[in-house]
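The values are calculated or read from the model by the stated rules, or taken from the named source; none is laboratory data. Every value quoted in this text rests on a predicted model; they were computed, and no experiment measured them. Positions of Cβ are generated from backbone atoms using ideal geometry, with glycine treated the same way; all protein chains shown enter the neighbour counts.
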Amino acid sequence: MTSLDRVKVAEKLRLLPSLPGVVTELLASFANDDIDVDQVARRIAHDQALAARVLRVANSSFYGLQNRVSTIQEAVVVLGFRAVRSMVLAIGMSGLLRADRCPGFDAHSYQLHGVGAAIAALELATMAGVNRDLAFTAGLLHDIGKLALAANFPTEYGEVLAYRKSHDCFLVVAERDLLGIDHGEVGGLLAEAWHFPSPLREAVSGHHAPATETADSLANLVHLADATTQVLQLEGSAYPVMPLDRVTWQRLGGDWHAYARALPRIESGFDEARHILI
Amino acid sequence: MKRIELIASEGLAPGMTVAESVLDDAGRVLVSTGTVLTEGTIASLIRRDVQAVMVELIVEEDAEVFAARSLRIKHRLDQIFRLAGDSEETQALYQVVFDYRLEHGE
């Protein structure tokens, strides 16, 4: 099988449609405290497909609202800007990457894993001294490289998935063996193409090699959140957990008691949150 | 092992640990998760007409049942950790999850 080199992957990712303008704006808002929330709500409302999906999620049982919300402005008032932002980012990106032609790619598991990592990152953020909203979004999007590979190279990635199964190895090993590039790198290329803010870009590209990132990089927290979804089997299957990186664990505070205290919150939070996107 | 159960307020006893925060009609927290009940807090809950509270109960477990449960948890974790190596951090992670499953159920 021919390996996909970085240039070929990067070229293909450059051809992807750009993110809806409002999604780019929301990504930038992590670095901007004085964002005009009303204006952003109006921009979301103008993208009808996006707005309809956001309202469907906002009115789902997950949020348990007493009254239905019928406009984005109402959703922002009732749920808060941060919740709406996370929702729009996830919905806006997954709409551009359709993986249904990739044999063996389980979109449902992908979503469960993303939501699991998002909740784990959120609950572990305080222990790690990280902003909780950014942690949640990073967890939600950390494996977007997998989706990009499955959507853009469905045949090749289908072979990777079959190889992983027959060799019982980690997915990144199968990706490197067959493609010469892994989903962290691909996610990093996509994050560049879509102008993710740098903390999110690092979380996406570095979560499988967090020790090579800086000590305050979000890649450290997402590495731990990723492992946590596996050890708690939030996706339902016994997918093997990767070794926990020593340097990363120390950087995150190295407190097993604090970690243990977060586990029940992660499981109950996941039970509620899985209904958001799925 | 611990078990979470809904107990009618009249059946609450000092020393029980609250497993789920109790809220009033306005959504304000009356007693938060993890609080150990005292006679005072129980009386105050009854005064506020709280009907029942989720609490953590410690239940005695038959030694054989416990051993079988431990083994099931171990098998499952061995499967998840099969490729994770045996570094100090990985072993500690295994132990934390094992203890968590033992205490909070499978």
- Query: Hey, does the range A:49-59 have a residue that's surrounded by fewer than 19 Cβ atoms within 10 Å (Cβ to Cβ) and in a loop (DSSP other than H, G, I, E, B)?
  - Reply: yes
- Item | When residues of the range B:1-25 are limited to those that are among the hydroxyl-bearing types (Ser, Thr, Tyr) and not in a loop (DSSP other than H, G, I, E, B), the one farthest from A:ARG261 (Cα to Cα) | B:SER9
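Test A:VAL9 against the stated conditions and say whether it is touching a Gly at 6+ places or on another chain (Cβ under 7 Å), surrounded by 18 or more Cβ atoms within 10 Å (Cβ to Cβ) and assigned to a helix (DSSP H, G or I).
Values: touching a Gly at 6+ places or on another chain (Cβ under 7 Å): no; surrounded by 18 or more Cβ atoms within 10 Å (Cβ to Cβ): yes; assigned to a helix (DSSP H, G or I): yes.
Judged against the criteria, A:VAL9 is not a match.
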- Query: From the residues in the range B:40-51 that are under 15 Å from B:ILE7 (Cβ atoms) and of a type outside the set (A, V, I, L, M, F, W, C), which one is modelled with the highest pLDDT?
  - Reply: B:THR41
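Kindly indicate the residue of the range A:158-188 that is assigned to a helix (DSSP H, G or I) and within 14 Å of chain B (Cβ to nearest Cβ) and also farthest from A:ARG201 (Cα to Cα) among those meeting that condition. Explain how you work it out, then say what you get.
Going through the range A:158-188, the residues assigned to a helix (DSSP H, G or I) turn out to be A:158-167, A:171-179, A:183-188.
Checking the rest, the ones that are also within 14 Å of chain B (Cβ to nearest Cβ) come to A:164-165, A:167, A:171-174.
Details: A:ARG164: 26, A:LYS165: 29, A:HIS167: 30, A:LEU171: 20, A:VAL172: 18, A:VAL173: 21, A:ALA174: 23 Å.
Result: A:HIS167.
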- Please state which of the following conditions A:ILE276 fails to meet, knowing it meets all the rest: (1) modelled with pLDDT of 90 or more; (2) of a type in the set (Val, Ile, Thr); (3) closer than 30 Å to B:SER32 by Cα. (1)
- Task: Among the residues of the range B:96-106, write down those that are surrounded by fewer than 19 Cβ atoms within 10 Å (Cβ to Cβ) and either of a type outside the set (A, V, I, L, M, F, W, C) or within 8 Å of chain A (Cβ to nearest Cβ) (or both).
- Result: B:VAL96, B:ASP99, B:GLU103, B:HIS104, B:GLY105, B:GLU106
- Item | Subset of the range A:120-136 that is more than 19 Å from A:PHE30 (Cβ to Cβ) and of a type in the set (A, V, I, L, M) - its residue that is nearest to the chain's Cα centre (by Cα) | A:ALA120
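Yes/no matrix, rows are residues, columns are (1) within 16 Å of the chain's Cα centre (by Cα); (2) assigned to a helix (DSSP H, G or I); (3) not assigned by TED's automatic domain parsing to the domain that holds B:LEU6:
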| site | (1), (2), (3) |
| --- | --- |
| B:GLY27 | no, no, no |
| B:GLY34 | yes, no, no |
| B:THR41 | no, yes, no |
| B:ILE46 | no, yes, no |
| B:ASP49 | no, no, no |
| B:ALA67 | no, yes, yes |
| B:HIS75 | no, yes, yes |
| B:ASP78 | no, yes, yes |
| B:VAL97 | yes, yes, yes |
- Query: Of everything in the range A:1-12 that's modelled with pLDDT under 85 and not β-branched (Val, Ile, Thr), which residue is farthest from A:HIS46 (Cα to Cα)?
  - Reply: A:MET1
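I'm trying to understand the selection: among the residues of the range B:80-95, which are among the aromatic types (Phe, Trp, Tyr) and either in a helix (DSSP H, G or I) or more than 7 Å from chain A (Cβ to nearest Cβ) (or both)?
Keep residues of the range B:80-95 that are among the aromatic types (Phe, Trp, Tyr), which gives B:81, B:94.
Selection gives B:TYR94 alone.
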- Task: Kindly provide the set of residues from the range A:235-265 that are more than 10 Å from chain B (Cβ to nearest Cβ), closer than 30 Å to A:LYS165 by Cβ and either surrounded by fewer than 18 Cβ atoms within 10 Å (Cβ to Cβ) or modelled with pLDDT of 95 or more (or both), ordered by number.
- Result: A:GLY236
- Query: All but one of (1) more than 30 Å from A:ALA227 (Cα to Cα); (2) part of a strand (DSSP E or B) hold for B:GLU61; which doesn't?
  - Reply: (2)
- How many residues of the range A:149-177 are in contact (Cβ under 8 Å) with a residue 12 or more places away in the chain, more than 19 Å from A:GLU11 (Cα to Cα) and more than 20 Å from the chain's Cα centre (by Cα)? The answer is 9
- Note on the structure: Checked the range A:209-234 for anything touching a residue at least 60 places away in the same chain (Cβ under 8 Å) and more than 12 Å from chain B (Cβ to nearest Cβ); matches are A:LEU218, A:ASN220, A:LEU221, A:VAL222, A:ALA225, A:ASP226
